[in-house]
Amino acid sequence: MDFSGPDAIDKAIEGGHDLDGSPIPIKMLNLYKAVMDKEGLRKRSGVKKSMRNRIVRTGAKHFGQETLNELLIDAGWEGLKQKEIDFFF
């Protein structure tokens, strides 16, 4: 099975196995499902805000602070906030 791409983790969780093929303990799977079920019920504040949050979380793994900040601004979003810089960089 190919474990690349944005849905690789979800596919592995659905299968009950980690990316190395080892089984995920049922208590971990149950807790994950319980939390995700609650998250599924939470009201959303807007798609663009969620997009930006995902970009910052994931982009910090692939870009330096200055580059990510410039990319956000160029795309029309607010640049990195101090709390994001403190947390991710």
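Residue count for the stretch 37-64, restricted to those that are farther than 14 Å from ALA75 by Cβ and touching a helix residue (DSSP H, G or I) at 6+ places or on another chain (Cβ under 7 Å): 2. Counted as qualifying within the chain are the helices (runs of 4 or more DSSP H) with 2 or more residues that are surrounded by 14 or more Cβ atoms within 10 Å (Cβ to Cβ) and modelled with pLDDT of 95 or more, namely 47-62, 65-75, 82-88. Of all residues in the stretch 50-79, those that are without any contact (Cβ under 8 Å) to a residue 60 or more places away in the chain have Cβ atoms under 7 Å from Cβ atoms of residues that are in a helix (DSSP H, G or I) and polar (S, T, N, Q), 6 or more apart or on another chain, in GLY79/ASN69.
Taken across the stretch 4-21, residues that are over 17 Å from the mean Cα position of the chain (by Cα) and β-branched (Val, Ile, Thr) do not occur at all.
The values are calculated or read from the model by the stated rules, or taken from the named source; none is laboratory data. Fair warning: this is a prediction, and the values are worked out from it, not measured in the lab. Using ideal geometry, Cβ is built from the backbone for each residue, glycine included, and neighbour counts are taken over all protein chains shown.
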